[in-house]
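Chemist: Got a structure here, written out as structure tokens. Questions coming.
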Amino acid sequence: MLQMTENENDIYTYVVPESDDQGEDVSVENASLVGTGVIKPVAKPEDDLRKSFKGYTIGPIQTWGMAVGILFVAAGFLNLFTLSLVKLVTNIYCILFGLYVIALESPRIFINRGLQNKSFKWARLTRRLWGRSTVYTLFSMILASQSGVVSTLFGVIILIICSLFFVLSYVTRKVLLELSEHLKGNYLNEEDININVERIYNRLAPTGRFTKEHLRALGKSAGRYIKMNEAHIIFTYLDEDLVGEVSRENFLNGFENVREGIYLL
């Protein structure tokens, strides 16, 4: 039976049974899944794993998302004092929307957790990167259409950031499809596929607490290096309960939805 322990650096370690691999300790960061679900060392070094954009990154997407909100707030304040009532109302709305974006994109803490939970529940579009990007794009077009160089410039910058988000959403969707194919294995029957997916989940997270570290281990077993932003996007997709961990039920349902078809994340 597979046993999970913790090493002195608090990194989860999986002990392969002695009958399989002489009780070798393999950390999640260097783990791979084979057909039986037993975790063994990855044959390929990290440099040989497939990487999106050849390993390059634009930085944390949460930072870029907060930058979008800051630009909305700044544009609203710069144009706040105007003689036009319509523009005054538009700029106030722009400020409020910018503050909402900042709270939505910021890391989850006690201040914004409630707002994020309500938004993700009642405005499901905001749970996905492509959904938030679509909303930001619409508002940025309104901002860019206003008179004034600053408003137009800020609107164009937001459009560029949203374009990057759409590209990242599409690329991450391809990564998720790779993971789905890896979990599917050689099975064709949907029931057998679900059994295999659950088996792999249990091997990775026997305590039922699937984290981003387990997600990266799953990626390595599929020959894919999952970067920070990709892990964040995929994990947000799977973590339906927004608790920072993916339950067995959400894991199974999430990948079942992927097999049915998903276009963006």
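Chemist: What is the number of the single condition among (1) in contact with a helix residue (DSSP H, G or I) (Cβ under 6 Å, 6 or more places away or on another chain); (2) over 17 Å from Asn253 (Cβ atoms) that Pro206 does not meet?
Modeler: Unmet condition: (1).
Chemist: Any residue that is within 18 Å of the chain's Cα centre (by Cα) and within 22 Å of Tyr100 (Cβ to Cβ) - is there at least one of those in region 137-151?
Modeler: The answer is no, given that none of the residues of region 137-151 is within 18 Å of the chain's Cα centre (by Cα) and within 22 Å of Tyr100 (Cβ to Cβ).
Chemist: Go through region 217-265 and give me each residue that's basic (Lys, Arg) and more than 12 Å from the chain's Cα centre (by Cα).
Modeler: Lys220, Arg224, Arg248, Arg259
Chemist: So which residues in region 233-258 are touching a residue at least 24 places away in the same chain (Cβ under 8 Å) and acidic (Asp, Glu), if there are any at all?
Modeler: Glu245, Glu256 - these are the residues of region 233-258 that are touching a residue at least 24 places away in the same chain (Cβ under 8 Å) and acidic (Asp, Glu).
Chemist: Quick one: is Ile111 farther than 19 Å from Leu153 by Cβ, outside any helix (DSSP H, G or I) and in contact with a helix residue (DSSP H, G or I) (Cβ under 9 Å, 6 or more places away or on another chain)? Steps first, please.
Modeler: Working: farther than 19 Å from Leu153 by Cβ: yes; outside any helix (DSSP H, G or I): yes; in contact with a helix residue (DSSP H, G or I) (Cβ under 9 Å, 6 or more places away or on another chain): yes.
Considered against the rule, which asks whether it is farther than 19 Å from Leu153 by Cβ, outside any helix (DSSP H, G or I) and in contact with a helix residue (DSSP H, G or I) (Cβ under 9 Å, 6 or more places away or on another chain), Ile111 comes out as yes.
Chemist: Filter region 185-200 down to residues that are outside any loop (DSSP other than H, G, I, E, B) and not aliphatic (A, V, I, L, M) and give me whichever is nearest to Phe251 (Cα to Cα). First the steps, then the outcome.
Modeler: From region 185-200, those outside any loop (DSSP other than H, G, I, E, B) are 190-200; that's our starting set.
Imposing the further condition that a residue be not aliphatic (A, V, I, L, M) reduces the set to 190-192, 194, 196, 198-199.
Details: Glu190: 15, Glu191: 15, Asp192: 16, Asn194: 10, Asn196: 12, Glu198: 8, Arg199: 12 Å.
Result: Glu198.
Chemist: A follow-up question, please. Could you tell me which numbered condition Tyr237 fails, if it satisfies all but one of (1) touching a strand residue (DSSP E or B) at 6+ places or on another chain (Cβ under 7 Å); (2) closer than 24 Å to Lys54 by Cα?
Modeler: (1)
Chemist: State yes or no: is Gly219 part of a loop (DSSP other than H, G, I, E, B) and more than 20 Å from Trp130 (Cβ to Cβ)?
Modeler: Against the criterion (part of a loop (DSSP other than H, G, I, E, B) and more than 20 Å from Trp130 (Cβ to Cβ)), Gly219 does not qualify.
Chemist: Here is a further query. Within region 126-141, count every residue that is exposed (fewer than 15 other Cβ atoms within 10 Å of the Cβ) and in contact (Cβ under 8 Å) with a residue 40 or more places away in the chain.
Modeler: Here is the first cut: in region 126-141, the ones exposed (fewer than 15 other Cβ atoms within 10 Å of the Cβ) are 138, 141.
Filter once more, so that each one left must be in contact (Cβ under 8 Å) with a residue 40 or more places away in the chain: none.
Selection size over region 126-141: 0.
Chemist: Now for a separate question. State whether one or more residues within region 55-67 are under 24 Å from Leu242 (Cβ atoms), free of Cβ contacts under 8 Å to residues at least 60 places away in the same chain, assigned to a helix (DSSP H, G or I) and of a type outside the set (D, E, K, R).
Modeler: Yes, region 55-67 has at least one match.
Chemist: Out of Gly254, Gly208, report the one residue that is within 30 Å of Phe110 (Cβ to Cβ), outside the structural domain of Leu129 (by TED's automatic domain parsing) and out of contact with any Leu (no Cβ under 6 Å at 6 or more places or on another chain).
Modeler: Going through Gly254, Gly208 in turn, just one is within 30 Å of Phe110 (Cβ to Cβ), outside the structural domain of Leu129 (by TED's automatic domain parsing) and out of contact with any Leu (no Cβ under 6 Å at 6 or more places or on another chain): Gly208.
The values are calculated or read from the model by the stated rules, or taken from the named source; none is laboratory data. Remember, it's a predicted structure, so these values are computed and weren't measured experimentally. Here the Cβ is made from the backbone with ideal geometry for all residues, glycine too, and neighbour counts use every protein chain on show.
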